[in-house]
Amino acid sequence: MKKIKKIMLLFAVVLAVTGCNVGKEDGKVPESQNNVEKVLEERMAESEADEMNTTEERKKAAEDKPTEAEAATEENSIDYDLPAMGRRMVYATVNQMMINPEEYEGKSIRMQGAYYGVWHEPSQKYYHYCMVQDALECCAQGIEFVWGDGSHVYPDEYPEAETQVVVTGVFETYTEEDGNLYCRLKDATMELAE
């Protein structure tokens, strides 16, 4: 964008220097016609003002942005609030968490979806998931979560399957088996969705 502005500016300067005398009589420019130099100066001033505003906006945004430590200490700090996103973005974000879990490690995640509890025979344990669907509702992707310290009793304290819930927790990877890295939301809160 800056190159285009510079090229246009250079063209206007060349045009002015070469003596474009259209509409001039005896070296005077009629008031009804634009003066190339005047327009050129206005455009340069606008360009400089735009650049200064952009630079100042960036500085202000950097000053206003809290550090990671400040963000972590804020109450109810959510790094990724999925219910605030559009349906396509929610599904894409959850998919990215599965593909690139290292980018989300330690981040607080809030998500809304259908609750499912799944029995895993080899570990003799129930695993709990919040499942989100894509925009067309043909595909689902879920994230495992541990409610609180993991002491909640299944099925007594958990909702029925497919109940819409809101789960908030800290994303972590916790084990690798057979080349698969498993992740979940730890220390999660769970509430029924409205």
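The values are calculated or read from the model by the stated rules, or taken from the named source; none is laboratory data. As the structure is a prediction and not an experimental result, all values here were calculated from the model. Glycine also receives a Cβ, built like all others from the backbone with ideal geometry; neighbour counts cover every protein chain displayed. Heavy atoms of the whole protein, side chains included, go into the accessibility calculation; ligands, DNA and RNA do not. Shrake-Rupley method; radii C 1.70, N 1.55, O 1.52, S 1.80 Å.
Beta bridges assigned by DSSP with both partners in region 70-194 are antiparallel in approximately 85 percent of cases.
Counting heavy atoms of the protein chains alone, Cys138 has an accessible area of about 90 Å² for a 1.4 Å probe.
Here region 134-184 has 43 percent of its accessible surface on carbon and sulfur atoms, given a 1.4 Å probe and all protein chains in place.
Would you kindly give the portion of the calculated P(r) for region 93-172 that falls above 20 Å, as a percent of all Cα pairs? Considering region 93-172, 34 percent of its Cα-Cα pairs are separated by more than 20 Å. With only Cα atoms counted, region 97-136 has Rg and Dmax values of 13.1, 35 Å.
Of the GluC sites (Glu not before Pro) found in region 107-188, those that fall in a DSSP loop while having at most 13 other beta-carbon atoms within 10 Å are Glu137, Glu157, Glu160, Glu162. Note on surface exposure: Leu181, Leu192 rank Leu192, Leu181 by accessible area, highest first, 1.4 Å probe.
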